[in-house]
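Right, one structure below, let's go through it.
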Amino acid sequence: MKKTYKLFIVLSVMAIALVLMGCSDKVNIAGPKGDVMQKGNFDQTASIKTVTVCEPVVFPIWAGQNIEAGNVTVYSDDTYLYVTYNLTGGWMMTESHVHVGMTINDIPHTNKGIPIPGQFQYSAMHNPPVMTYTYNILLADHNLQPGDQVVIAAHAVVVLGDYPNGIYESQTGWGGDQPGPGTRWWYYLNYTICDDPDNDPDPDFGVETAMIRMYDNPNDFTYNWGNHPWFSYVKTTPVMTPQTYYFYAAQHYKVGEVDIWKDGGYLYVQLNLDNPYEIQQSHLNVQLTGYSGPPAFGLFPYTMAHDPRVTTYTYMVLWQPAWDNMELNVSLHGEVGPF
């Protein structure tokens, strides 16, 4: 988008704000320009295909058998099974254990049917305690395929109160909706690995994962997501004048630009794709901290399925008082084609 159109964009967005809000109620100055590597000039075998994320399924976390202390969210994509703990009501978690099996008998247990969290496949000690934590489990490690049904045991030690310096309550926690067998209480959950054959209704179109990027350089990943090699985000302190960032697909191909600005009550994130690219799905997240752990685009608070596909789209996000004069970490993900 040419810079001479910026004022027009701002006024237009304000004029159609109600329309935009109806479309999605989820709804650093730009870096130096570098050499843009156009499609066809890079080894296609190095690209990373789009990630298909299925809808997350939420289960309660039970503390002390009958206290609901939060939830466990389970979802999957083409590569990982994700198990995310979210504690609420002041509860925090000091340790957690997860086990994945094909049947309930695969969960380590005693002869009396009591599960043994210390023998679970995945464990973590949380010091200091945490309210949220995600396990990203490789499907290949369990030979899991789309459509497979799994049994998941999600155990935690949860605390409430002034831990560890004062008076606090400690309880055993289990995530799930299925009471487990045996002589002691526990819960487990069932989940079907992502199987979404209708996700791409036009297989000839071909899409790639695209992410917002700080600098216009196909090999620059200044702010990458945790240990992921190229999933990226930007750091910005929004002002009234749009600031321009870049949208790269399949790791190395620039497919458009992203303008970010604010007015008195809203944050605007506007995507403008280059010809001939179109976007069929997008996810936006804004937070004060950087990004770590596995990407969870399906859990982003602002999402849009673009049907039909579009070349431009603007997210209008209600401004939060905590964002005043703060540097924001903005992540914009999309499925872009044709590739």
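The values are calculated or read from the model by the stated rules, or taken from the named source; none is laboratory data. For clarity, every value in this text was computed on a predicted model and none was experimentally measured. Positions of Cβ are backbone-derived with ideal geometry, glycine not excepted, and every protein chain shown enters the neighbour counts.
Residues of the stretch 298-336 that are assigned to a strand (DSSP E or B), over 21 Å from the mean Cα position of the chain (by Cα) and of a type outside the set (D, E, K, R): 308, 310, 312. One residue stands out among those in the stretch 255-273 that are at pLDDT 95 or above and farther than 14 Å from residue 302 by Cβ: the one that is surrounded by the fewest Cβ atoms within 10 Å (Cβ to Cβ), which is 272. The criterion of at least 3 residues that are small (Gly, Ala, Ser) is met, among strands (runs of 3 or more DSSP E) falling completely within the stretch 63-150, by 67-76.
Only one residue in 124, 140 is closer than 21 Å to residue 56 by Cα and surrounded by fewer than 22 Cβ atoms within 10 Å (Cβ to Cβ). Which one? The conditions single out 140. Residues in the stretch 224-254 that are surrounded by fewer than 20 Cβ atoms within 10 Å (Cβ to Cβ) and touching a Ser or Thr at 6+ places or on another chain (Cβ under 7 Å): 224, 226, 243. Checking the stretch 216-223 against the condition returns no match, with no residue being within 22 Å of residue 97 (Cβ to Cβ) and among the polar types (S, T, N, Q). Could you please find all residues in the stretch 113-139 being aliphatic (A, V, I, L, M) and more than 23 Å from residue 299 (Cα to Cα)? Matches in the stretch 113-139: 114, 116, 125.
For residue 73, the stated conditions hold: it is surrounded by fewer than 21 Cβ atoms within 10 Å (Cβ to Cβ), out of contact with any His (no Cβ under 6 Å at 6 or more places or on another chain), under 30 Å from residue 145 (Cβ atoms) and at pLDDT 90 or above. The set of residues in the stretch 210-228 that are more than 10 Å from residue 247 (Cα to Cα) and part of a strand (DSSP E or B) contains only 224.
Here the stretch 287-334 is the region considered, the condition is being at pLDDT 90 or above and among the charged types (D, E, K, R), and the residue that is surrounded by the most Cβ atoms within 10 Å (Cβ to Cβ) is 309.
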